[in-house]
Amino acid sequence: MRPLPLLVAACAALAMVPALPAEAAAVPALLCQGSCTIPGGVLPGFLPPVSVVTSGSAVTWVGSDAAGHLNVENALLPDQLATCFEASYAGASGATVVFRLDAGSVVAEVDGRERTCASAQPLAGGAAVLTYACIIHALTMKGALVIIP
């Protein structure tokens, strides 16, 4: 993928993440190919707040503080009670989720169990954006994954 479309996708995802901490604006998007680690803490949140993930890649969240965290997909519709993933972690112990594109949908796999991410929004070129947050620290820990083919 060329750098310009990747930048446009990251900017589009960033616009979908409400009220990011000021520090987040200075951190470029992470490109995750195969596997990557996203640190997160109560302050300053997820750095980077936007990660571009190649379909089939494993994303591991680790704590940059000692607090416990529980990341979930942001459901955009009020009737969506289930999320496609839960990633629970504290400190350096990580939680890993594999994300992939399947016929226009985002699928998350946790411990061999797959779920479709109903709140993922389509982007140009077959990509999609999935916003997420730590439900324990939702005011400061918000992020987005741009899943690309």
Within the stretch 65-73, is even one residue closer than 20 Å to P28 by Cα, assigned to a strand (DSSP E or B) and either modelled with pLDDT of 95 or more or of a type in the set (S, T, N, Q) (or both)? no
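Quick one: how many residues across the stretch 25-47 are among the small types (G, A, S), in contact with a helix residue (DSSP H, G or I) (Cβ under 8 Å, 6 or more places away or on another chain) and modelled with pLDDT of 90 or more?
1
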Touching a residue at least 12 places away in the same chain (Cβ under 8 Å), of a type in the set (G, A, S) and under 18 Å from C32 (Cβ atoms): does that describe A128? yes
Test result for D102, farther than 19 Å from A138 by Cβ, more than 16 Å from the chain's Cα centre (by Cα) and at pLDDT below 55: no
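With outside any strand (DSSP E or B) and of a type outside the set (S, T, Y) as the only criterion, which of L139, L145 stands out?
Values: L145 fails: outside any strand (DSSP E or B).
Of L139, L145, the one residue that is outside any strand (DSSP E or B) and of a type outside the set (S, T, Y) is L139.
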Somewhere in the stretch 98-106, is a residue touching a Pro at 6+ places or on another chain (Cβ under 7 Å), surrounded by 15 or more Cβ atoms within 10 Å (Cβ to Cβ), more than 19 Å from A29 (Cα to Cα) and of a type outside the set (V, I, T)? yes
Per the filter on the stretch 28-55, residues touching a residue at least 40 places away in the same chain (Cβ under 8 Å), surrounded by fewer than 16 Cβ atoms within 10 Å (Cβ to Cβ) and assigned to a loop (DSSP other than H, G, I, E, B) are L43
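The values are calculated or read from the model by the stated rules, or taken from the named source; none is laboratory data. For clarity, every value in this text was computed on a predicted model and none was experimentally measured. Ideal geometry is used to build each Cβ from the backbone, glycine not excepted, and the neighbour counts take in all protein chains shown.
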